[in-house]
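**Student:** Before anything else, here's the structure in question.
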Amino acid sequence: MREVVFDTETTGRDPDTGDRIVEVACVELINYLPTGKTFHRYINPQRDVPEEVVKVHGLTTRFLSDKKVFGDPDIVDALFDFFEDSPIVAHNAEFDRKFLNAELIRLGRPILEMDRYIDSLKIARALFPGAANSLDALSRRFQLDKLGFDLAKRKGAGGHGALIDTKMLAEVYLQLRGGRERKLSFEAEKPTMDASGAPLPQFERRPQRPTPLARVARADELAAHEAFIAEIGEKALWKNIAG
């Protein structure tokens with residue numbers, strides 16, 4: 001099963017007031033695991049980037065001034081080639097969807113409906129009701145620092161970025177789906193679905209051993225155990241257990 005983790009950085013919070021996308025990134029997943037294939041572009045928003053936003057992602061108006069605009073085929077066409085027809089995973093998906101759709105509307109292209117997206121924030125809220133479920137909070141919960149992510153750097157100026165956020169979200173999403181230790185099975189006739197319509201992990205039972213493991217106790221240990229049972233007498237629980 002292929003999915004694409006997606007994130008944007010923008011000039012602000014509301015495309016309806018003229019805010020634009022300045023960075024897009026994607027990470028490919030197969031059966032919830034990152035394949036190493038990514039997509040990343042910086043984008044000229046054709047407007048100034050407010051200083052308070054620069055403090056978040058570090059992308060200045062000057063840095064972006066020589067980048068391609070969103071409508072360039074190397075950005076919009078390449079992005080949708082990467083998407084293919086796969087579900088799109090995003091944290092607080094409506095935010096990214098709204099900005100992407102605003103750019104598509106400017107180009108006269110069809111927008112993406114919400115049923116194309118899997119919102120990892122909704123999954124996290126269902127699993128951890130009442131807890132902090134931002135990407136940073138979940139990254140701390142799942143100890144992504146042990147995977148090499150610098151979580152302390154996230155608090156500083158320019159600590160956020162679309163590419164690093166998609167890589168972090170890919171690991172968080174994997175944990176939300178059950179983690180690296182579980183074995184997935186997608187062959188069930190009617191797999192269990194979550195609220196977004198994506199299949200949940202199917203856990204396979206470990207088969208029973210065909211023959212019991214051989215005893216490893218030494219002869220003197222077995223003799224000491226028999227002597228201990230004899231001291232207890234007929235009420236010893238071991239006497240009621242078949243050998």
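All of the numbers you see were taken from the coordinates with simple rules; none came from a lab. Everything numeric in this text was worked out from a predicted model, so none of it was measured. Note that each Cβ is placed from the backbone with ideal geometry, even for glycine, and that neighbours are counted across all protein chains shown.
**Student:** Distance between Cα centroids, region 214-233 to region 1-58: provide it in whole Å.
**Tutor:** 66
**Student:** Averaged over all directions, how much area does the convex hull of the C-alpha atoms of region 61-179 cover when projected, in nm²? Could the numbers behind the result be given before it?
**Tutor:** Values: hull surface 35.7 nm².
Projected area, direction-averaged: 8.9 nm².
**Student:** List every residue whose amide H lies under 5 Å from the amide H of N44, counting only residues 5 or more places away in sequence or on a different chain, with H placed 1.01 Å from N in the peptide plane.
**Tutor:** The list, which skips near neighbours in sequence, is K67, K68, V69, F70.
**Student:** Can you put T17, T35, T8, T166 in order, fewest other beta carbons within 10 Å first? Walk me through the numbers before you get to the answer.
**Tutor:** Details: T17 7, T35 12, T8 22, T166 27.
With the fewest neighbours first, T17, T35, T8, T166 line up as T17, T35, T8, T166.
**Student:** Using 0.36 nm per residue of separation minus the Cα-Cα distance, give me the extension gain between E94 and R109 in nm, one decimal. Write out the running numbers ahead of the final one.
**Tutor:** Numbers: separation 15, 0.36 × 15 = 5.40 nm, distance 1.83 nm.
Net length gain for the segment: 3.6 nm.
**Student:** Please arrange M114, M168 by counting, for each residue, the other beta carbons lying within 10 Å of its beta carbon, fewest first.
**Tutor:** Numbers: M114 12, M168 25.
By the 10 Å Cβ count, ascending, the order reads M114, M168.
**Student:** Do you know the Lys pair count in region 2-176 for C-alpha distances under 18 Å, with sequence separation 8 or more or different chains? The partial results should precede the final answer.
**Tutor:** Values: K37/K167; K55/K153; K55/K155; K98/K122; K146/K155; K146/K167; K153/K167; K155/K167.
The result is 8.
**Student:** Hey, fewest Cβ within 10 Å first, where do F228, F63, F82 land in order? Please list the in-between numbers first.
**Tutor:** Working: F228 11, F63 14, F82 19.
By the 10 Å Cβ count, ascending, the order reads F228, F63, F82.
**Student:** Which value in nm describes the separation of the simple spin-label points at R62 and F83, placed 7 Å from the Cα toward the beta carbon?
**Tutor:** Distance between the two pseudo-spin positions: 3.5 nm.
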